[in-house]
1. Using only alpha carbon pairs under 8 Å that are at least six residues apart, calculate the relative contact order of segment 73-185 and give it in whole percent.
2. Sort largest first and round to whole Å: the equivalent ellipsoid semi-axes of segment 3-82, each the square root of five times a Cα gyration tensor eigenvalue.
3. FRET efficiency for residue 197 and residue 165, Cβ-Cβ distance as r, R0 = 25 Å, nearest 0.05?
4. For segment 90-209, restrict the atom set to alpha-carbon positions and state the Rg and Dmax in Å.
5. By how many nm would the segment from residue 129 to residue 1 grow when fully extended, if each residue of separation counts as 0.36 nm and the alpha-carbon distance is taken off?
6. Which semi-axis lengths, in whole Å and largest first, follow from the square roots of five times the eigenvalues of the Cα gyration tensor of segment 157-211?
7. So how far apart, in nm, are the two label points at residue 50 and residue 74 if each is 7 Å from Cα heading toward Cβ?
8. Can you tell me what the convex hull of the Cα atoms of segment 37-92 projects to on average, as an area in nm²?
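No lab work stands behind these numbers, since they all come straight from the coordinates. Computed from a predicted structure; not experimentally measured. Heads up, the Cβs are rebuilt from the backbone with ideal geometry, glycines too, and the neighbour counts pull from every protein chain shown.
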Ligand code: B1M
């Protein structure tokens, strides 16, 4: 088994020490951070999701897996941000109201910072009004929203509607993403963009701000 597979296995087993140690090892071998993320950490978390869905594992196991994933992500973060260039725009991001999943949102934030964006992270369970208020206050060009639950996705549409009501929809653009979110959904609620993963989100935000 290769080291990246062992990282995935560490995430699946919720073994944060194994994940941290192996991630450090592959970083020292100069493996590309994006490869460590995709083939190691995210691949492991995908299997956790499948097993959780199949009721083979339970919530405490998923929490441990998330902790293990963060142990690896913390080490990768400076490398993913390293190529940062002067700010090309300000983005407010958050996981929507009622939703506590923040791993994907954090990855999007890390990649945006790496691409030179000034990122203001509002955290998780963020009310639509709070997203709009923060974007106005911070003079952000883009609001980025993440949702992992089908029940929380509608809050994204509320943000788009609030911006319309305040006639800010031309000035502050929106991008949505997260496992249950699709391009069609994004189009349906009137969001300006949809990102299918963190790297794609960066490309789409670049397009939104014309960078
Ligand atoms: Co929960 N959970 N969870 N969970 N959890 C899912 C989402 C679920 C699909 C699992 C399943 O059943 N297979 C399911 C949702 C079902 C549905 O709605 N259809 C589910 C459920 C049901 C729940 C609870 C309700 C369980 C319960 O209590 N009975 C509960 C809800 C809590 C709440 O939010 N109110 C719950 C809780 C949790 C934990 C707290 C234990 C934990 C989260 C820990 C944390 O985030 N700090 C957790 C986890 C870890 C998962 C799974 C296993 C993994 C999610 C993850 O982090 N993936 C997940 C199963 C799955 O998705 N396969 C599941 C890795 C991450 C890198 O991917 O977030 O998709 P993702 O982000 C990607 C892209 O989606 C995209 O880029 C990222 C990187 O490439 N992306 C964007 C994300 N945001 C973006 C924004 C963008 C652009 C792209 O623009 C702004």
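1. Dividing the mean separation by the residue count of segment 73-185 yields 29 percent.
2. Details: eigenvalues 99, 23, 21 Å².
Values for segment 3-82, descending: 22, 11, 10 Å.
3. It comes out at approximately 0.20.
4. For segment 90-209, the Cα radius of gyration and maximum Cα-Cα distance read 12.2, 33 Å.
5. 41.3 nm
6. Ellipsoid half-lengths, sorted descending, are 19, 15, 7 Å.
7. 2.9 nm
8. The number I arrive at for segment 37-92 is 5.3 nm².
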